[in-house]
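Chemist: Here it is: the structure, laid out below.
The values are calculated or read from the model by the stated rules, or taken from the named source; none is laboratory data. Since the model is a prediction, treat every value here as computed from it, not as a measurement. Glycine gets a Cβ as well: all are built from the backbone with ideal geometry, and neighbour counts include every protein chain shown. Remember, those area values only see protein heavy atoms, side chains included, never the ligands or the DNA or RNA. Shrake-Rupley method; radii C 1.70, N 1.55, O 1.52, S 1.80 Å.
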Amino acid sequence: MKVDTRKLSPVKILDALGVTAPEEIDVEAIAHHFGATVIPQRLHGSAARILGLGDRAFITVDSDSPRARQRFSVAHELGHWMIDRGKLSGFVCTEKNFLADWSGDSPERRANRFAADLLMPSSLFAPAARNREMTLDTVRDLCAKFETSLTATAIRLVENGSFPAMVVYSNASGVKWKFRDRDISDEIQLRDKPGAYTNAAELLSGRNPASGPTEIQASDWFTHPRSKYYSVVEDSVRIFEETVLSLLWWKNEQQLIDLDED
Ligand SMILES: [Zn+2]
């Protein structure tokens with residue numbers, strides 16, 4: 001079957017292939033369907049790359065990385081191929097591109113969006129996430145279901161989950177990036193660094209705080225002057241040696257309600 005792949009969205013692709021469950025999303029087969037051959041190989045200094053030649057493309061993924069990351073890499077490269085083909089013949093992408101480029105508008109951000117939409121389509125993800133606690137346990141459960149990585153799945157949960165939350169990624173020099181629920185007021189701004197009483201700060205200083213969701217004074221995370229009167233539930237985990245992923249959940253939504261009313 002000859003398909004004009006240009007501008008074909010993940011929703012349309014999954015629809016055309018008749019995908020109705022997460023385990024049917026065979027990303028290598030989908031890539032193959034669109035003329036892209038996936039080659040697992042040991043890569044140094046990058047997580048994945050793509051080389052396009054005419055109607056054919058070759059996607060190389062790091063064979064040493066976990067299966068969930070490989071799937072995201074393939075979907076990300078396929079995103080480059082579908083969205084930006086014709087403009088550029090090749091991309092070399094690093095883990096940093098996959099982690100950090102979720103905002104603004106760049107080829108990396110578009111490829112990440114494509115990958116998230118392909119591997120975790122809202123039509124399947126939203127029902128699976130509905131009314132679930134905004135915690136890493138929920139994220140891990142969804143990771144297993146969709147065979148996706150922790151970071152990408154946490155972002156998807158913030159986007160498609162039922163309750164207000166935010167993903168924050170920090171290292172010793174402070175907050176590196178965040179992904180917020182679009183319903184959260186702009187008056188809620190993160191501090192440059194997680195406060196001393198956060199689990200993130202403990203993890204960043206090499207200690208191991210009690211794991212799991214913890215209720216934290218909102219002022220330890222946010223600059224809003226009234227934050228000290230409210231709390232958020234923080235669930236943090238060390239991702240690489242020196243970086244921490246935090247999921248912040250307004251389990252008690254009072255702060256957001258009060259801000260709305262002001
Ligand atoms: Zn890329």
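Chemist: In terms of modelled amide H atoms, which long-range or inter-chain residues lie less than 5 Å from the amide H of residue 176?
Modeler: Result for residue 176 returns 169, 170, 171.
Chemist: So what is the accessible area of region 164-261 per residue, in Å², with the probe set to 1.4 Å?
Modeler: On the way: 5160 Å² over 98 residues.
Spelled out: the 1.4 Å probe surface of region 164-261, per residue, equals 53 Å².
Chemist: Longer than 23 Å from Cα to Cα, which of 228/251; 145/176; 145/193; 178/251; 12/178; 96/178 are they? Say none if no pair is. Please list the in-between numbers first.
Modeler: Working: 228/251 16 Å; 145/176 28 Å; 145/193 33 Å; 178/251 19 Å; 12/178 29 Å; 96/178 14 Å.
Going by Cα-Cα distance, 145/176; 145/193; 12/178 fall outside the 23 Å limit.
Chemist: Report the charge-dipole magnitude of the chain in Debye, nearest 20, computed about the Cα centre from +1 at each Lys and Arg Cβ and -1 at each Asp and Glu Cβ. Let's see the in-between values first.
Modeler: On the way: 32 positive and 38 negative charges, 170 e Å.
It comes to approximately 820 debye.
Chemist: In region 164-261, if every C-alpha pair distance is counted and binned at 10 Å from zero, what percent goes to each bin?
Modeler: It works out to 17, 55, 25, 4, 0, in whole percents.
Chemist: Alpha carbon centre of region 146-185 versus region 192-208: separation in Å?
Modeler: 18
Chemist: Can you pull the accessible area of residue 12 for me, 1.4 Å probe, Å² to the nearest 10?
Modeler: Estimated to the nearest 10 Å², residue 12 gives 120 Å².
Chemist: Around residue 134, which amide H atoms from residues at least 5 apart in sequence, or from another chain, sit under 5 Å from its own amide H, with H modelled in the peptide plane?
Modeler: Counting only residues 5 or more places away or on other chains, the set is empty.
Chemist: Moving on. Helix 136-146 sits at what angle to the longest principal axis of the chain, using alpha carbons and giving 0 to 90 degrees rounded to 10?
Modeler: 10
Chemist: Another question, if that's okay. Going toward the positive end of the dipole of the chain, with +1 on Lys and Arg Cβ and -1 on Asp and Glu Cβ, which of 83, 136, 254 do you reach last?
Modeler: The Cα lying farthest towards the positive end belongs to 83.
Chemist: In region 183-235, which trypsin sites (Lys or Arg not before Pro) fall in coil by DSSP and have 13 or fewer other Cβ atoms within 10 Å? Please list the in-between numbers first.
Modeler: On the way: sites: 191, 207, 226, 228; in loops: 191, 207, 226.
Counting only loop positions with at most 13 other Cβ atoms within 10 Å, the trypsin sites (Lys or Arg not before Pro) in region 183-235 are 207.
Chemist: Sticking with this structure for a sec: If each DSSP helix of 4+ residues adds -39,500 (n - 2.57) and the sum is divided by the residues in the chain, what number results at 222 nm, nearest 500 deg cm²/dmol?
Modeler: Roughly -10500 deg cm²/dmol at 222 nm, from the helical runs in the chain.
Chemist: Would you mind working out the accessible area per residue for region 10-122, using a 1.4 Å probe, and quoting it in Å²?
Modeler: 44
Chemist: Got a number for carbon plus sulfur as a percent of the chain's accessible area, 1.4 Å probe?
Modeler: Values: 6150 of 12770 Å².
Carbon and sulfur atoms account for 48 percent of the accessible area of the chain.
Chemist: Give me, ordered by chain and number, the residues 5 or more places off residue 222 or on other chains with an amide H under 5 Å from its own placed amide H.
Modeler: When sequence neighbours closer than 5 places are left aside, the close amide H contacts are 191.
Chemist: Separate question: In debye, nearest 20: dipole of region 164-261 around its Cα centre with unit charges on the Cβ of K, R (+) and D, E (-)? Spell out each step's value before the answer.
Modeler: On the way: 11 positive and 16 negative charges, 70 e Å.
It works out to roughly 340 debye.
Chemist: In the neighborhood of residue 75, defined by Cβ-to-Cβ distances under 12 Å, what is the net charge if each Lys or Arg adds +1 and each Asp or Glu adds -1?
Modeler: Working: positive: 69, 71, 113; negative: 26, 28, 77, 117, 147.
Net charge in that neighbourhood comes out at -2.
Chemist: Take the Cα atoms of region 10-122, build their convex hull, and give its volume per residue in Å³. Walk me through the numbers before you get to the answer.
Modeler: Working: hull volume 11.0 nm³, N = 113.
Convex hull of Cα atoms, per residue: 97 Å³.
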